[in-house]
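All remarks here apply to the structure that follows.
Every number in this text was worked out from the coordinates using simple rules, so none of it is lab data. As the structure is a prediction and not an experimental result, all values here were calculated from the model. Every residue, glycine as well, gets a Cβ built from its backbone with ideal geometry; the counts of neighbours run over all protein chains shown.
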Amino acid sequence: MTNQNKNTIKFYSGEEIPVELHKVRIVQKLFLKPIEERFEAIEKAGYNTFLLNTKDIFLDQLTDSGTNAMSDNQVSSMLQADDAYAGSQSFYRMEEAAREVFGKHYVLPVHQGRAAENIISQVFIKKGQVIPMNYHFTTTKEHMEINGGKVLEIYTDEALKIKSDVKFKGNIDIDKLKAVFEEYGREGVAFVRMEASTNLIGGQPFSMQNMRDVRALCDQYNTMMVLDASLIGENAYMIKEREEEFKNADIKDILNEMCGYAELVYFSSRKVSSTRGGGILTNSEDLYLKMRDLLVLFEGFLTYGGMSVREIEAMAVGLKETCDDTVISQSPSFIKYAVDNLDALGVPVITPAGALGCHIDAKGFLPHVPQKEYPAGALASALYLVSGIRGMERGTISSVRDENGDDILADVELLRLAFPRRVFTLSQTMFAVDRVKWLYDNRDLVGGLEWIQEPPLLRFFMGTLKPIGDWPQKLIAKFKKDFGESL
Ligand code: F0G
């Protein structure tokens, strides 16, 4: 049977519009509360969108992690789950799916992505070693550093440019990687890490050619490649869309080739397939045995790894669905719609549109807010206030302090509006675009933030802040004037 294979359809007007290739059969009611109540909620949350309660949120665009919609096949599979501490059939079904999709024999289940990072970092990093990568992810970096490693980001010169038409801003810079090997030698490099659809720089993919080039260098220096496959489906889709050689390729073949270059593949299942879980995969018995005992220590027995059997069943089906173009193109097509529209309205957003979410450049949006007053955090709070939309700060608040206690200013200050798969409609996306544009036109009213309580580790999750000055009140007054009401 042939089918339209992606979630955009050319309209009579010539415009490419995202059109859902699924129908909605279970819904959840949402509440758009008045701006005064939103003000109370963000005050209570310490101007940290992580601390909001979803009862106060209209569109929850914090993350796609654990929030993608499940398919009918996933939900029904959960009913046949086989409860057992050891030897559950649910695990073997998931193992078979993972082998098929990723082309790796050994499958170690973990409760989520960072649990995989914990095990990999403990086993494969020796104190003082460096780990070159396209870009870090927050939890990845912490695990590597706790184990004595040092993260080296060796992205290309284009990677951090906000506006660009470079198709693969997630590529590793091959010359810089060569220089790292020459400086640190084989023993000094723990492994090379490639992150699919590079999260913190705006969900930007790497190309297959880049993987091949990195692999060639890893072979030359006899070093392992580790692939973070949490967003591999979307990266594979963008390879198909943007890399000439793959325009007619099967997603399954692309996934297999990508995974084939890495000795270790790990993923957060919360992103790639379902609502919980994760895994580590390899074809090497030696590598498997090195990790196996830690898995039992930290996660649980080898056939559940901290997940419930229901979650494992949903993961098995979800992994197979990752090979379906209509599944993995859904989020990128909505992101592209939001990004292209905001870009046309003059709002600074990361281009080209990538995976995971629409990324707004807070430095460009709020040039009058200094980076040490956290423009991306301020923008996240301001957008919540004027729309009920919850985004995520991905800037200096998500960074750390140096030895002297000074903020390490983030390379990019981003407000991420995630598009979990198959969750939001086009009219909701249009609402988000509309309120971001209103805020952009009133950007001069938005000021910075300062800490009330700053935790030492991963402060962005739990820290509380307050506005510098009374800018939220001014924003509320202007909002009510323009819209004539509180919604
Ligand atoms: N690697 C990448 C690329 C991720 O995006 C994440 C999580 C992880 C690892 C860790 O996985 O959450 O299951 O432990 N990203 C989420 C996000 C939290 O919102 O971007 P986890």
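Using Cα pairs closer than 8 Å and at least 6 residues apart in sequence, work out the relative contact order for the chain, in percent.
Across the chain, relative contact order equals 22 percent.
What ³J(HN,Hα) values, in whole Hz, does the Karplus curve 6.51 cos²θ - 1.76 cosθ + 1.60 give for the range 16-29 when θ = phi - 60°, with x put for Gly and Pro?
8, 10, x, 10, 5, 9, 7, 10, 8, 10, 10, 10, 10, 5
Do the alpha carbons of any pairs in Lys10/Lys247; Lys178/Lys247; Lys6/Lys176; Lys141/Lys247; Lys169/Lys478 sit beyond 28 Å of each other, and which pairs?
Lys178/Lys247; Lys6/Lys176; Lys141/Lys247; Lys169/Lys478
Give a quick list of chymotrypsin sites (Phe, Trp or Tyr not before Pro) in the range 66-159 that DSSP marks as loop, anything other than H, G, I, E or B, with at most 14 other Cβ atoms within 10 Å.
When the chymotrypsin sites (Phe, Trp or Tyr not before Pro) of the range 66-159 are filtered for loop state and at most 14 Cβ neighbours within 10 Å, Tyr85 remain.
Please identify every one of the GluC sites (Glu not before Pro) in the range 1-105 that sits in a loop by DSSP and has no more than 13 other beta carbons within 10 Å of its own beta carbon.
Glu15
So what's the back-of-envelope 222 nm ellipticity for the chain, counting only DSSP H runs of four-plus at -39500 (n - 2.57) apiece and dividing by all residues, rounded to 500?
Mean residue ellipticity at 222 nm (helix-derived): -12500 deg cm²/dmol.
I need to check one value: relative contact order of the range 89-214, counting alpha carbon pairs closer than 8 Å and at least 6 residues apart, in percent.
Relative contact order here is 25 percent.
Looking at the calculated P(r) for the range 1-117, what percent of the C-alpha pair distances fall above 21 Å?
66
Whole number please: convex hull volume per residue, Cα atoms of the range 436-483, in Å³.
That works out to 94 Å³ per residue.
Counting just the Cα atoms, what span does the range 91-193 cover along each of its three principal axes? Round to the nearest Å and put the largest first.
For the range 91-193, the Cα extents along the three principal axes come out at 44, 37, 23 Å.
Apply the Karplus parameterisation 6.51 cos²θ - 1.76 cosθ + 1.60, with θ equal to phi minus 60°, to every residue of the range 118-127 and state each ³J(HN,Hα) to the nearest whole Hz, in sequence, with x for glycine and proline.
4, 5, 4, 5, 5, 7, 10, 10, 9, 3
Roughly what % antiparallel, to the nearest 5, for the DSSP beta bridges in the chain?
Within the chain, antiparallel bridges account for around 65 percent of the total.
Place the peptides 221-231, 54-64 in order of packing, highest mean first, counting for every residue the other Cβ atoms within 10 Å and averaging per peptide.
221-231, 54-64
Stick to Cα atoms and the Kirkwood definition of Rh, then tell me Rg/Rh for the range 72-323.
0.96
Provide the three semi-axes, in whole Å and in decreasing order, of the ellipsoid equivalent to the range 392-487 as defined by the square roots of 5 times the Cα gyration tensor eigenvalues.
For the range 392-487, the ellipsoid semi-axes come out as 29, 20, 11 Å.
Per q in 0.12, 0.15 1/Å, what log10 I(q)/I(0) does a Debye calculation on the alpha-carbon atoms of the range 238-341 return?
-0.53, -0.78
Can you give me the relative contact order of the range 72-323 as a percent, contacts being Cα pairs under 8 Å and 6 or more apart?
Contact order relative to length: 31 percent.
Spelling out what I want: for every residue of the range 372-380, take phi, set θ = phi - 60°, compute 6.51 cos²θ - 1.76 cosθ + 1.60 (Karplus), and round to whole Hz; glycine and proline get x.
6, 9, 6, x, 5, x, 5, 5, 4
Kindly provide the pair-distance distribution of the chain built from C-alpha pairs, with 20 Å bins from 0 and whole-percent values in order of increasing distance.
24, 57, 19, 0
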